[in-house]
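Below is one structure; the comments refer to it alone.
The values are calculated or read from the model by the stated rules, or taken from the named source; none is laboratory data. Please read all numbers here as calculations on a predicted model, not as lab measurements. Cβ sites come from the backbone with ideal geometry, for glycine too, and all protein chains shown count toward neighbours. With ligands, DNA and RNA removed, areas are computed over all heavy atoms of the protein, side chains included. Shrake-Rupley method; radii C 1.70, N 1.55, O 1.52, S 1.80 Å.
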Amino acid sequence: MRPFPRRRYRRLRDLIQDMRSLMARRDETRTLMHGETLDPAFRERLMLAVTQVNRCRYCSYVHAREALTAGIPQDELAALAEGEFGGSPPEQCPALFYAEHFAESDGNPDPKAWSRLVEIYGEETAHAIDLILRVIRIGNLMGNTFDYLLYRLSFGRWGLGRKRTVSST
């Protein structure tokens with residue numbers, strides 16, 4: 001059986017640690033998820049930037065739908081799914097590139113990248129961006145861990161899903 005190709009939780013203690021840190025910030029998370037801190041379209045762009053790196057099929061589906069509801073045009077959504085940010089609002093692109101870096105570094109971004117994010121967006125917005133990236137990372141890894149279990153239990157027949165594409169119609 002081939003190795004499972006996506007990032008996932010490898011140890012239960014890592015999941016528990018992530019959940020504890022999220023629970024410590026639950027009020028802030030609730031506010032953020034209700035669009036009171038970041039514009040909902042911006043939030044969904046950030047979530048899709050992380051999800052396209054981690055390749056969680058569940059999060060891809062949910063956040064593509066949420067992005068459309070938030071008003072993101074379908075052509076931009078298709079580009080985001082491919083990791084392309086050129087169609088996104090220019091003022092959001094630095095955060096989207098940071099989100100991609102965050103995901104590629106498994107939630108451990110370079111301190112210089114963090115400093116630049118704070119410089120561009122200010123402390124409050126940068127912390128909101130960081131929190132949303134941590135929320136989606138946890139969701140991605142949980143979805144991928146579930147798929148990994150399916151993959152192992154089925155001897156590689158289930159759990160990988162199929163690659164979705166966004167149609168332009």
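Pairs of alpha-carbon atoms within less than 8 angstrom and 6+ residues apart define the contacts here; what relative contact order does the chain have, in percent? Please report the intermediate quantities before stating the final value.
On the way: 167 pairs, mean separation 57.5, N = 169.
So the answer I get is 34 percent.
Taking each full run of DSSP H in the chain as one helix, which ones are at least 27 Å long along their axis (Cα atoms) and have mean Kyte-Doolittle hydropathy of at least -1.0?
Details: long enough: 123-153 (45 Å, 0.35).
In the chain, the long hydrophobic H runs are 123-153.
Pairing rule first: another cysteine's C-beta must sit under 4.7 Å. Under that rule, which cysteines of the chain stay single?
So, CYS93.
Measuring from label point to label point, each 7 Å out along Cα→Cβ, what is the LEU150 to ARG116 span in nm?
Each label point lies 7 Å from its Cα, and together they span 3.7 nm.
Rolling a 1.4 angstrom probe over the protein heavy atoms, how many square angstrom per residue are accessible across the chain?
In whole numbers, the chain has 58 Å² accessible per residue.
Over all directions, what mean area does the Cα convex hull of the range 89-169 project, stated in square nanometres?
7.3
With viscosity set to 1.002 mPa s and temperature to 20 °C, compute the Stokes-Einstein D of the range 1-79, Rh being the Kirkwood radius across alpha carbon pairs; µm²/s, no decimals. Kindly include the intermediate steps, with their values, before the conclusion.
Details: Rh = 14.4 Å.
Using the Kirkwood radius from Cα pairs, D works out to 149 µm²/s.
How would you rank 46-54, 95-103, highest first, on the average number of other Cβ atoms within 10 Å across their residues?
Highest-to-lowest ranking by the protection proxy: 46-54, 95-103.
Over the Cα atoms of the chain, compute the convex hull volume and normalise it per residue, giving Å³.
117
What whole number of Å gives the distance from the Cα centroid of the range 48-112 to the Cα centroid of the range 122-153?
If you average the Cα positions of each part, the centres end up 12 Å apart.
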